[in-house]
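No value in this document is a laboratory result; all are computed from the given coordinates. Keep in mind that what you see is a predicted model, and the values were worked out from it rather than measured. Here Cβ is always computed from backbone atoms with ideal geometry, including for glycine, and neighbour counts include all displayed protein chains.
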Amino acid sequence: NNQRRGTARLNINHTSSNNRFSLNSSLAYSSTKMASIGTSGFSYAWFAPNMPLTDEATGLPYFYGTAANTHSPLRYNYSSADLSNFNFIGSATIGYKILDNLQVKVDGSFTRLDYRGVEKYKNPYLNPNQGLDYKNFATFGNDYQHTYNIEPQLNYNKIIGKGKLTGLLGGTFQ
């Protein structure tokens with residue numbers, strides 16, 4: 001396996017000198033790239049130790065299993081995978097006190113998750129008895145998830161005698 005991973009984070013917090021304006025924000029980014037064998041050979045650990053892996057006459061791998069799922073114990077030698085993930089996440093809260101008891105605030109966030117993968121299989125992995133027309137093949141996968149949230153709010157707080165009156169008006173947009 002060959003794996004590279006990197007992450008970065010950034011946080012910014014600010015309050016104005018008169019305490020009316022406030023900003024809290026954060027960003028996070030991570031990236032993972034990995035090159036690996038496409039298949040694990042662990043499932044073959046239970047086979048008999050003297051089981052032949054290749055045909056002595058042809059040198060080609062033997063194929064074991066049911067007719068629909070026939071594969072060679074050596075298939076991990078003939079497959080590879082290249083995978084990458086990217087995550088970018090951010091959020092911010094911006095607030096302003098219009099009056100001592102009235103504040104307007106906006107919360108916002110976004111998420112971006114990207115995945116890309118390629119698995120490659122070479123000819124000796126494929127069972128010739130399955131009648132496949134191709135010699136080599138690859139599978140590709142891409143997945144993208146993006147979300148956005150915006151939540152404006154208007155907060156009202158007032159102390160009345162020994163009690164406190166609180167009001168909130170807001171919404172959510174996605």
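At R0 = 30 Å, how high is the FRET efficiency between Ser30 and Asn155 if r is their beta carbon distance? Nearest 0.05 is fine. With R0 = 30 Å, the Cβ-Cβ based efficiency is 0.35.
Of all lysines in the structure, the ones whose alpha carbon falls short of 19 Å from that of Lys105, not counting any fewer than 8 places away in one chain, are Lys97, Lys158.
Highest mean first, how do 149-157, 6-14 rank when packing is the count of other Cβ atoms within 10 Å averaged over residues? Before the final figure, lay out each step's value.
Details: 149-157: 14.1, 6-14: 9.8.
Sorting 149-157, 6-14 by mean packing, highest first, produces 149-157, 6-14.
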